[in-house]
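First comes the structure, then the notes that go with it.
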Amino acid sequence: MKDVVVIGAGHNGLVCAAYLAAAGLDVHIVERRSVLGGAAVTEEFHPGFRNSVASYAVGLLNPTVIDDLDLARHGLEIRFRPQSNFFPLSDRDSLSFFNDARETQHEIARFSKHDADIYPEYDARLTAVGDLVQPLMGQTPPNLGGGLASIINVLTAGRLAHRAGGRVQHDAIALFTLSAAEYLSRFFENDHVKAAFAFDAVVGSLVSPFTPGTAYVLLHHVVGSTNGVRGAWGHAVGGMGSITQAMAKACLERGVSIDRNAAVTAVDVDQSRAKCVRLADGSSIEARAIVANVEPKRLLHGLVGADQLDDDVNAQVRHHKTASGTLRMNVALAELPRFTCRPVPGPHHGSGIVIGPTLDYLDQAYRDVRVFGYSKQPIIEMLIPSTIDDSLAPAGRHVASLFCQHFARQGSLDSTEAIDWDVERDRAADAVFATIDAYAPNFSSSVIARDVLTPLDLERRFGLTDGDIFHGRLSLDQLWTNRPFPGSADYRMPIKGLYLCGSGAHPGGGVTGLPGRNAAREITKDFRRRSV
């Protein structure tokens, strides 16, 4: 019998396993696919062309996790983008965000002197809320009915809020409750500037920038750092798979054993306790603790079974919201896209290239998905990592990552008519290409190959229920003490000996490693108390 079996070798599963092994536990990972890394993987999608096929950018990976697992020694190298973001607006104009705040402020002044003047205040106030939230991301949330430990966690959060001061508290409440559009309008007047910031608020969320609560997602994307620089985003050399390969090396060095092609079909429960994992080949592995890097609904209703849960828990699982509206594409290119507003190759090609010029454009993408099941003019972020990392494509060629919204797994939000993504896949991809061509006319003609991942494909390949990249919506009812649902916020699931370490747990999605690290801390406590 193992001490711990971890289901899923995604980044949080690997992080959790590494910490547990460092605590002296006998840890075994079972991974459904032949490649380790979950959604943070690098794969060849066309001969000679490799890319981060799902997760595609580094900016939230926790520095403590990097240091504790010694990821740099295990091969991780992260390079900065030469420019932060590039927003093509029309045939003649664009908006750029730079790595230097003063340069960004100067660029914003082209659109609004008022917005340029207030930008430092906006950045400082958002950073102050980030300073409040960031420590909480690394702590276990208070758990409803959790006793003394949860009371202590509440008091800790209260002390942090008290030290931050009233203004930061007010800003935090606004970010958690207001729409991104409303919050941004408190600072900025220019629609292009507001849309540039609002893009972060709708990334990975099937919402409009006018939806209450979306301001928090804006915050969620700026609390990270890259190479010690707050709010910076970068590229992992070799793609996102280099992160998880480094994590896997850390696991193996600490004695973790890993089985690939080992799909878990069930978690067996005996007398209200998780007993073993059952594999597709008919074998089973017993363990004192079972840790799941799996979306909560898939874990509790798919692997454990509703018959093992009480009515209240079953209701919570059914009501857990999963939908990020994401379509991912990996594209092999013969040449760089030539944007009509900036046709000459430059640092903007190594930035996050975002098509979403106005708040109304972002909102219309959401309105489309309500009627048609996907946007006719999608919101698109394009990264061309081969401009930073020449190991990904043949000489003179490039790879592009396209992160596109909104595309609903089930189809139209306003009807019960389902969408057949196996039929609609190419039509949806063509809508993406047509949208890019409107800003870079050579794009479609330069495409050598494309790998299209609809929400259904993300579910099939990576186990992301409804294609949800965050394992559950980042809304106030599914955050902190409510994540994944009340009563299970401390990584302990309603079945004794069963734990959650994935993005469905606090603090949520993104390649942070924090759910895995936090879960390992709680599991280690239980082993020391002999309560496992």
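The values are calculated or read from the model by the stated rules, or taken from the named source; none is laboratory data. Since we're looking at a predicted model, the values are computed, not measured. Cβ atoms come from the backbone with ideal geometry, glycine included; neighbour counts cover every protein chain shown. With ligands, DNA and RNA removed, areas are computed over all heavy atoms of the protein, side chains included. Shrake-Rupley method; radii C 1.70, N 1.55, O 1.52, S 1.80 Å.
Of the listed requirements (1) assigned to a loop (DSSP other than H, G, I, E, B); (2) at pLDDT 90 or above; (3) open to solvent by less than 30 Å² (accessible area, probe 1.4 Å), Pro142 misses just one: (2). Please work out which residue is nearest to Leu25 (Cα to Cα), limiting yourself to the range 262-290 and to residues that are at pLDDT 95 or above and hydroxyl-bearing (Ser, Thr, Tyr). If we take residues in the range 262-290 being at pLDDT 95 or above and hydroxyl-bearing (Ser, Thr, Tyr), then Ser284 is nearest to Leu25 (Cα to Cα).
I'd like to check something: does the range 22-41 contain any residue that is open to solvent by 30 Å² or more (accessible area, probe 1.4 Å), out of contact with any Ser or Thr (no Cβ under 6 Å at 6 or more places or on another chain) and at pLDDT below 95? Within the range 22-41, not a single residue is open to solvent by 30 Å² or more (accessible area, probe 1.4 Å), out of contact with any Ser or Thr (no Cβ under 6 Å at 6 or more places or on another chain) and at pLDDT below 95.
Being touching a residue at least 40 places away in the same chain (Cβ under 8 Å), open to solvent by less than 20 Å² (accessible area, probe 1.4 Å), assigned to a helix (DSSP H, G or I) and not aromatic (Phe, Trp, Tyr) is true for just one of Leu299, Leu303. Which residue is that?
Answer to the selection: Leu299.
Count of the range 475-514 residues, restricted to those that are of a type in the set (Lys, Arg) and open to solvent by less than 20 Å² (accessible area, probe 1.4 Å), is 1. Any residue that is open to solvent by 70 Å² or more (accessible area, probe 1.4 Å) and among the β-branched types (Val, Ile, Thr) - is there at least one of those in the range 410-422? Yes, the range 410-422 has at least one match. Residue under question is Glu44, and the condition is that it be of a type outside the set (A, V, I, L, M, F, W, C), at pLDDT 95 or above, open to solvent by 30 Å² or more (accessible area, probe 1.4 Å) and in contact with a Lys or Arg (Cβ under 6 Å, 6 or more places away or on another chain); does it hold? Yes. Remark: pairs (first residue in the range 430-455, touching a residue at least 60 places away in the same chain (Cβ under 8 Å) and small (Gly, Ala, Ser); second residue part of a loop (DSSP other than H, G, I, E, B) and open to solvent by 10 Å² or more (accessible area, probe 1.4 Å); Cβ separation under 7 Å; 6+ apart in sequence or on different chains) = Ala440/Arg338; Ser446/Ala334; Ser446/Glu335. Before we move on, is Asn330 in contact with a Phe, Trp or Tyr (Cβ under 7 Å, 6 or more places away or on another chain) and either modelled with pLDDT under 95 or closer than 30 Å to Ala505 by Cβ (or both)? When the stated conditions are applied, Asn330 passes them. I'd like the full set of residues that are part of a loop (DSSP other than H, G, I, E, B) and aromatic (Phe, Trp, Tyr), limited to the range 456-512. Those that are part of a loop (DSSP other than H, G, I, E, B) and aromatic (Phe, Trp, Tyr): Phe470, Phe485, Tyr491. No other residue among Leu402, Leu336, Leu327, Leu362 is surrounded by 23 or more Cβ atoms within 10 Å (Cβ to Cβ) and closer than 21 Å to Arg81 by Cβ apart from Leu402.
Candidates are the residues of the range 76-89 that are open to solvent by less than 50 Å² (accessible area, probe 1.4 Å) and of a type outside the set (A, V, I, L, M, F, W, C); the one that is farthest from the chain's Cα centre (by Cα) is Pro88.
Which residues, counting only those in the range 288-324, are small (Gly, Ala, Ser) and within 20 Å of the chain's Cα centre (by Cα)?
Within the range 288-324, Ala292, Ala323, Ser324 qualify.
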